[in-house]
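For reference, the structure discussed in these notes is given below.
The values are calculated or read from the model by the stated rules, or taken from the named source; none is laboratory data. Keep in mind that this is a model prediction, so the values were computed, not measured. Neighbour counts are summed over all protein chains in view; Cβ atoms, including those assigned to glycine, are modelled from backbone coordinates with ideal geometry.
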Amino acid sequence: MSDFFSSIVVSVLALGVIFAALSTLILLIKVMVFLAPYKAPQKPQKKSQPKSAPAAPAPAGAGPASPEQTAVIQSVLAHHLGRPPGDIHITNVKPL
C-alpha cells in the first residue's frame, strides 16, 4: 500500500511542476506582449512615378469575362491597391 501512495505523491508532484512551468510561461508571454507589443511592418514607400497620359481601357472582348465583370475586377483591384482605376489595365481575365 505504501508503493501506491508514493506513486500518487510522485504523480501530484509531477502535475504540480508541469502546472507551475506552464503558468510561468503564460505569465512571461503576457509580460513580453505588454512590454513589446506586435507592430505590423510598414509597407515600403514606392517612388512616385511621373504621371503619364492614361491609356485607353481594355477592349470589351478582353478575355472570357463580360465588360461589366472586367470593370468590377478593375475597380476592386484599384481600391485594394489604393490607386486610381485609370492606372490599372486588365488585359486578360481567366476564370478559376
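Against the condition modelled with pLDDT under 95 and of a type in the set (Ser, Thr, Tyr), how does Ser48 come out, does it pass? If you could, list the steps in order and put the result at the bottom.
Values: modelled with pLDDT under 95: yes; of a type in the set (Ser, Thr, Tyr): yes.
Yes, satisfied.
Listed by first and then second residue, the pairs linking a residue in region 81-95 that is not assigned by TED's automatic domain parsing to the domain that holds Gln69 to a residue that is in a loop (DSSP other than H, G, I, E, B) and surrounded by 12 or more Cβ atoms within 10 Å (Cβ to Cβ), with Cβ atoms under 8 Å apart and 6 or more places separating them unless they lie on different chains, form an empty list.
Report the residue count in region 63-96 for those that are of a type in the set (Gly, Ala, Ser), surrounded by 15 or more Cβ atoms within 10 Å (Cβ to Cβ) and either more than 22 Å from the chain's Cα centre (by Cα) or more than 25 Å from Pro44 (Cβ to Cβ) (or both).
The initial filter retains those residues of region 63-96 that are of a type in the set (Gly, Ala, Ser), namely 63, 65-66, 71, 75, 78, 82, 86.
Imposing the further condition that a residue be surrounded by 15 or more Cβ atoms within 10 Å (Cβ to Cβ) reduces the set to 63, 65, 71, 78.
When the remaining residues are screened for being either more than 22 Å from the chain's Cα centre (by Cα) or more than 25 Å from Pro44 (Cβ to Cβ) (or both), the result is 63, 65, 71.
Of the residues in that region, 3 qualify.
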